[in-house]
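Take a look at the structure below.
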Amino acid sequence: MYSVLESPQIVVASAVMKDLLAITERAAGSNAKVLITGESGVGKDLVARHLHGHSDRRRAAFVAVNCAGLTETLLESELFGHVKGSFTGAYRDKRGKLQLAHRGTLFLDEVGEMSLRMQALLLRFLESGEIQAVGSEDTHSRVDVRVVAATNRNLNDAAAAGQFREDLLYRLRVIQLHVPPLRERPDDVTALVKHFLDRGDRPVQITDQALRAFQRYRWPGNVRELMNVVEQLLSMRRTGLIDVEHLPATMRASTPIIAPIVDRRRQVAEDLYDALVSQGASFWDHVYPLFLNRDITRHDLRELVRRGLQESRGRYKAMLSLFGMQSSDYRRFMNFLAAHGCGVEYRDYRAPARAAVAAAEKAALESDDPERPLEFTQAS
């Protein structure tokens, strides 16, 4: 199941990505732990595989674990293994991924989503190298594993907020590799578009105008979103030419990149909101797939909902038409937000409206002119 891994093909044209790969290959020569940072969809897993493929451990297994996709109990079992009968459904002993990665590399994707308890267990392993399976009273022998972790979160901020252990952060971040977002490397956009087009089952050309639209677009989902767009174009086009008119509406109306993003989270929400409200995109067709593919995070989605509630004055039903949904989608939309923990308290956005009404009524009562109409202003 975990065979020898060949170094993946990484398509780069920008100087910043070429430098990153050069640093990655130098880091591969040691056994130091590595933390790879960057937004969702930039290719952090490919950088981790590139690191493993250029290391002395390349003949052993590369084992990946998605920390965000498992509950705390399942993640502990996945990493450390379990013994028969340790919990419901544990019908036999199972080796953990740490044991399977012996003399190889363990890749912990989305390590910032770990619970504090799991962070403590991981820290104990990093310090001792010993494994204790779930339900076992004995500590197993040590394993030789290089740990490479990745996250799209700012772990310094998470540590300051008490959401991530500072001592674990220092353990993981012996070497840090940061993968820049796609919008900051337009040269790579061109190379990736041509690469994905060449993978199609028939030759396809793209016009210069369409290619410029690819470069202007902000790519909130980064490389993964770009690949999805190209695959969609290949599957829908009947001719061998892609022009700007064939691109999604959100790309045709995209504005050029002017400056680097300071607050990436808020900017992603603003880009999504603009696509929904100003460019005719639909929540289910545009935002929903990005979230399921992990191109945007729960934080991004909450920011988008907050923006919608601000506009609708705290009314979820009014957000439906705002986000390109039918009124019959209300229950589906609310269930989706609840299931993924992305709901936002609506009362916080109704209070300003009530405050504006109260202020206007008070001003009218204090006015010398009893016939003066109420003037409503936006509460700060």
Lone qualifier among Met251, Met236 - being open to solvent by less than 20 Å² (accessible area, probe 1.4 Å) and modelled with pLDDT under 90: Met251
Residues of the range 290-319 that turn out to be free of Cβ contacts under 8 Å to residues at least 60 places away in the same chain, crowded, with 22+ Cβ neighbours inside 10 Å and not in a helix (DSSP H, G or I), as a count: 0
Qualifying positions in the range 273-282 - closer than 18 Å to Ser327 by Cα and either in contact with a strand residue (DSSP E or B) (Cβ under 7 Å, 6 or more places away or on another chain) or crowded, with 22+ Cβ neighbours inside 10 Å (or both): Leu276
Unmet criterion (only one of (1) charged (D, E, K, R); (2) modelled with pLDDT under 90; (3) under 21 Å from the mean Cα position of the chain (by Cα)) for Arg199: (3)
Some residue of the range 34-54 being polar (S, T, N, Q), in contact with a His (Cβ under 9 Å, 6 or more places away or on another chain) and either open to solvent by 50 Å² or more (accessible area, probe 1.4 Å) or closer than 24 Å to Val268 by Cα (or both): yes
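The rows are residues; the columns are (1) touching a Cys at 6+ places or on another chain (Cβ under 7 Å); (2) open to solvent by 80 Å² or more (accessible area, probe 1.4 Å); (3) at pLDDT 95 or above.
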| position | (1), (2), (3) |
| --- | --- |
| Leu106 | no, no, yes |
| Gly135 | no, no, no |
| Asn152 | no, no, no |
| Asp157 | no, yes, no |
| Ala160 | no, yes, no |
| Leu172 | no, no, yes |
| Gln176 | no, yes, yes |
Qualifying residue in the range 212-230 (condition: exposed (fewer than 13 other Cβ atoms within 10 Å of the Cβ), part of a loop (DSSP other than H, G, I, E, B) and modelled with pLDDT under 90): no
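The values are calculated or read from the model by the stated rules, or taken from the named source; none is laboratory data. Just so it is clear, the model here is predicted, and its values are computed rather than measured. When we count neighbours, we look across all protein chains shown, and the Cβ atoms used for this are built from the backbone with ideal geometry, even at glycine. Note: areas computed on protein heavy atoms with side chains; ligands, DNA, RNA excluded. Shrake-Rupley method; radii C 1.70, N 1.55, O 1.52, S 1.80 Å.
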